[in-house]
Structures are given as C-alpha cells and as structure tokens.
1. Where the centre of each part is set by its Cα atoms, how far does segment 54-72 sit from segment 129-144, in angstrom?
2. Quick check on segment 213-280: what are the equivalent-ellipsoid semi-axes from the Cα gyration tensor, as sqrt(5λ), descending, whole Å?
3. In 5 Å bins starting at 0, how do the alpha-carbon pair distances of segment 125-175 split up by percent?
4. From Cα pairs below 8 angstrom and at least 6 apart in sequence, can you work out the relative contact order of the chain, rounded to a whole percent?
5. In the chain, if the dipole is taken from +1 on Lys/Arg beta carbons and -1 on Asp/Glu beta carbons about the Cα centre, which of TYR137, GLY44, ILE254 is farthest to the positive end?
6. Count the lysine pairs in segment 11-279 whose Cα atoms sit under 20 Å apart, keeping only pairs 8 or more residues apart in sequence or on different chains.
7. Would you order TRP49, TRP190, TRP261 from fewest to most other beta-carbon atoms within 10 Å of each residue's own beta-carbon?
8. Counting residues in the chain as N, plug N into 2.2 N^0.38 Å and put the Cα Rg over that result.
Amino acid sequence: MRVFENDTTALALNTATLGHNLPGHGAGWETKKVIDACAERGFGAITFWTQELYGNAYEIGNYTKSAGLEISGLCRTPYLTGSEIGSDRDVQKTIDTAAELGADVLTIVTGGTNPGSKGILETQKFLAERLSKFADYAKQQDVSLALEPMNPMFGGNRTVLMTAQDAVNVCNMVCAENLGLAIDIYHVWWDAKLEETLKSTDVPILGFHINDWLEDTKDMLLDRGMMGDGVADLRDIRRIVESTGYLGYCEVEIFSSEHWWQEDPAHVLDTIVQRYKSLC
C-alpha cells in the first residue's frame, strides 16, 4: 500500500464535499477559490460537478491545470434508467463537458428501476444497452465512464447497482474498454464480498471515493462522515482497491448538509488533509 503520511499528491477533492453538488448548500466559494485553496494545501486533483461549471468547463479546466492540479473526474451523467431518466442528448452533453473540462473519467449514478419493472435484472439489461452507445461516444473523446455501485438503501430510485458485483456484471454485458468502476467507501464499506469481487474481475477501477459511514446516520444521502468519524475500515478498503493495481486518486466526497457544509471551507480542507495523512 502507498504511504500518505507525508504525501498528498494522490489526494483529490470532490467539490460535493463543499456542497457544490446541490444549489443553495455550502459556503458559496467560487470554483476558482476552491482550486486555489486546494493547490495551496498540496492536493493533487479536483473532481467537479456539472452544475458548477456553468458552460465554462474549458476555462475551469485550464485554470485547474495552471494551478498545478489535475482533474480527477466529473460528476455526473443524468440518470440512465428509472423514472427520472435522461435523454440520450443530455447524457452526451455531459460527456462533451467532461472532454471540454479535460476530465478523463465521468461518473455514472445509474438511476432506479424502470417504471413497471420488478427487481433489478431487467433494468440492468436496459442499462447495458444504453451504456454501449455512450461508451462508444465517450471513447471518441477519450473519456472513460465509471459505474458507481451504491448502498442498497438507494435501490429503486437512484440505482440498480447495489454491489460491486452488480457493476461488474453490467460492465461485462457491455465489454467496453473505457467502462469501469467507481468504488465509494460510503457505498461498499458493508460488503463482505468486495475483495472477492474485485480480485476476480478484469474490470478496471477508475475512481476511489473516500469518506466514512457514521454509526448513527441521520440522513442517508446528506449525512456522510469525514474519514475517521465512522465505522468503515478505511485502510482495509484501500488495501483491497490497491490490490487490483489501482494507484489513482483518493477522492474525498462527503455529502454533509448539517455538518461539514456548515463549516468554513478552509477548515474542511485542512481537516481533510490531516485525516488523509493520519487515517487513510
């Protein structure tokens, strides 16, 4: 395993950690201020959300690189399945935005089960059919697509991938070289078969999101923990992920409307660096 005690070059910020994924949340720092603050603290990269780019993806991408940071990804496509399904063109637009930003990886949260369907298998097959089209489109722009399995509590309305194995199965249906996994500790910490799943597949890990699961979670979507505040075995999950050959960024992604989004962003970033070095 890599040693992080004196090295933050593999540390990335997902701007959702400062509330940039939902309108009206966080302290309202402008995107360039976030970039500068991350550069000052030695972060290696940033992952952005589409809604904060406001049509300025190219400019933000260049500003990020000029600050000495890489772009670890873009979140996220519209849903590909379920009752809030996005159109083909809307999904393609997010791929275009990722390419314009200079992001190699675009994260996908699939969406829930299709109306009228039962279980998840039928919708997974539908998902694979759509992904085949989008993977081809993304490949033309040098963008990879990362399927993010989610905690089963989100099954039905936000995802049809409730384990890493579900995500692997869909990737195997598609067989696209630019399709892989985003492993998020919040969503997989409970999965006793995670190591078995990841060791038994050639599907690549394209992103690794770090955070924690609070023992007494108040809100399933918006009450994620800062690393060390919860019950997830952070280092063991990183060991599992890195045993596959993944040596990419550890991307801090914390949705926390009542705690960390209420704090001074400078304090949040300082806490991230300290926890990353000592606990991750």
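1. Centre-to-centre distance over Cα atoms comes out at 22 Å.
2. Semi-axes from the Cα gyration tensor: 22, 15, 10 Å.
3. 5, 21, 27, 24, 15, 7, 2
4. Normalised by residue count, the contact order of the chain is 21 percent.
5. Going by the Cα projections, it comes out as TYR137.
6. Value for segment 11-279: 5.
7. Final ranking by Cβ density, sparse to dense: TRP190, TRP49, TRP261.
8. Normalised by 2.2 N^0.38 Å, the Cα Rg of the chain equals 0.93.
A short reminder: the numbers here are calculations on the coordinates, not readings from a lab. Computed from a predicted model, the values in this text were never measured in an experiment. Because the Cβ atoms are built from the backbone with ideal geometry, glycine has one as well, and the counts that use them run over all protein chains shown.
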